[in-house]
Amino acid sequence: MPQLLLRGRSIGEIQGVLFDKDGTLSHSEPHLTNLAEARIQLAVRRFQGGQAHQQSQSKLADLLSSAYGLSQEGIHPGGTIAVASREHNLISTATVFCLLGEAWPQSLALAHEVFDAVDLTLAEDGAPGGATTLLPGALTVLQQLQEAGVVCAVISNDTPKGIESFLINNNLQDTIPFLWSAGHRPAKPDPGAVHGLCKQLGLAPSECALIGDADSDLQMAHQANIGIILGYMAGWRQTPPLRAHQHLIHHWNELGVGADPTVPAQSS
Ligand SMILES: [Mg+2]
């Protein structure tokens with residue numbers, strides 16, 4: 001079985017690797033910053049029919065920034081916009097409207113209105129989330145895994161369309177043939193998401209590694225009995241505050257794949 005190498009040393013045998021997407025494989029911070037800022041700006045413009053007092057508008061912008069994990073230092077890697085699904089971000093947004101005195105039905109309707117309008121605008125501007133690029137060194141690792149016969153998959157809380165666009169735009173459809181999205185049930189961080197994806201791969205979780213940039217990913221991996229659990233640290237301007245990892249990666253070039261020691265080397 002192929003060996004997963006960290007800084008040149010084997011950390012175990014693997015048949016499959018489950019990758020988180022945003023902040024792990026994908027350089028998502030610029031897109032998610034645009035997305036969060038666009039949602040905040042539109043929410044401020046439309047809150048209370050655009051008639052909200054200046055003070056309420058400022059408070060709304062501050063609360064939404066906090067809720068999303070957006071600050072001058074960048075996106076908080078454990079914040080809602082970095083980790084949670086569109087649906088959970090929408091609920092957070094509606095909750096902020098409620099905190100400022102709006103009733104829940106109006107809050108939910110306004111959150112839907114804002115999210116749909118921003119999605120449309122970003123798509124028209126040619127800046128959808130799927131256009132994000134790979135983080136440095138990720139492609140080399142993916143190619144090494146593919147060459148060694150290790151099956152790769154994405155497990156993400158992005159929409160199915162968002163993940164598929166990311167794979168197509170980075171020409172990864174053959175390299176990463178399996179995915180589990182926010183549209184699958186259960187979605188992550190339910191350990192059932194790992195079980196469902198591993199079933200697609202035809203592998204036991206113990207035969208796989210999982211690599212993510214949030215403790216919710218890593219805790220899910222423990223609960224699902226994943227064999228090797230790695231935290232990825234370099235996907236955001238801020239360093240993710242991880243605790244639930246077995247190993248940490250600070251750059252993709254720290255990871256490699258070794259040959260199965262049971263297979264004799266070919267003679268020349
Ligand atoms: Mg992530």
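Just give me a number: lysine pairs in the chain, eight or more positions apart or cross-chain, with C-alpha atoms less than 26 Å apart. Write out the running numbers ahead of the final one.
Working: 21/161; 21/188; 21/199; 161/188; 161/199; 188/199.
So the count of such lysine pairs works out to 6.
Exposed loop sites here are trypsin sites (Lys or Arg not before Pro) in DSSP loop states with at most 13 other C-beta atoms within 10 Å. What is the longest stretch of the chain lacking them? Each step should come with its number before you reach the end.
Working: sites that count: 7, 237, 243.
No qualifying site falls inside 8-236, the longest such stretch.
Cut-off 10 angstrom, C-alpha nodes, Gaussian network model of the chain. Which of 164, 29, 147 fluctuates the most?
Comparing 164, 29, 147 in the GNM, the peak value goes to 147.
Based on DSSP, what percent of beta bridges with both residues in the chain are antiparallel, to the nearest 5?
If we restrict to bridges inside the chain, about 40 percent are antiparallel.
Tell me the label-point distance for the pair residue 253, residue 66, using the 7 Å Cα-to-Cβ offset, in nm and rounded to one decimal.
Distance between label points: 4.2 nm.
Roughly how many nanometres apart are two label points built 7 Å out from the Cα toward the Cβ at residue 204 and residue 223?
2.2
If you take the charge dipole of region 78-201 about its Cα centre, with +1 on Lys and Arg Cβ and -1 on Asp and Glu Cβ, which of 142, 96, 200 is farthest toward its positive end?
Farthest towards the positive pole: 200.
Residue 147 to residue 51: extension gain in nm, 0.36 nm per residue of separation minus the Cα-Cα distance?
On the way: separation 96, 0.36 × 96 = 34.56 nm, distance 5.93 nm.
Additional length available on full extension: 28.6 nm.
Compute the length gained on full extension between residue 103 and residue 169: take 0.36 nm times their separation in residues and subtract their Cα-Cα distance, giving the result in nm to one decimal. Before the final figure, lay out the partial values.
Working: separation 66, 0.36 × 66 = 23.76 nm, distance 4.10 nm.
Taking 0.36 nm per residue and subtracting the Cα distance, the gain is 19.7 nm.
What order, most packed first, do the peptides 208-214, 108-114 have when packing is the mean number of other Cβ atoms within 10 Å of each residue?
On the way: 208-214: 28.4, 108-114: 17.9.
Most protected by this proxy first, the peptides run 208-214, 108-114.
Taking the 0 to 90 degree range and rounding to the nearest ten, how far is the long axis of helix 86-99 tilted relative to the main principal axis of the chain, both from C-alpha atoms?
30
No lab work stands behind these numbers, since they all come straight from the coordinates. Everything quoted here is computed from the prediction, not taken from an experiment. Ideal geometry is used to build each Cβ from the backbone, glycine not excepted, and the neighbour counts take in all protein chains shown.
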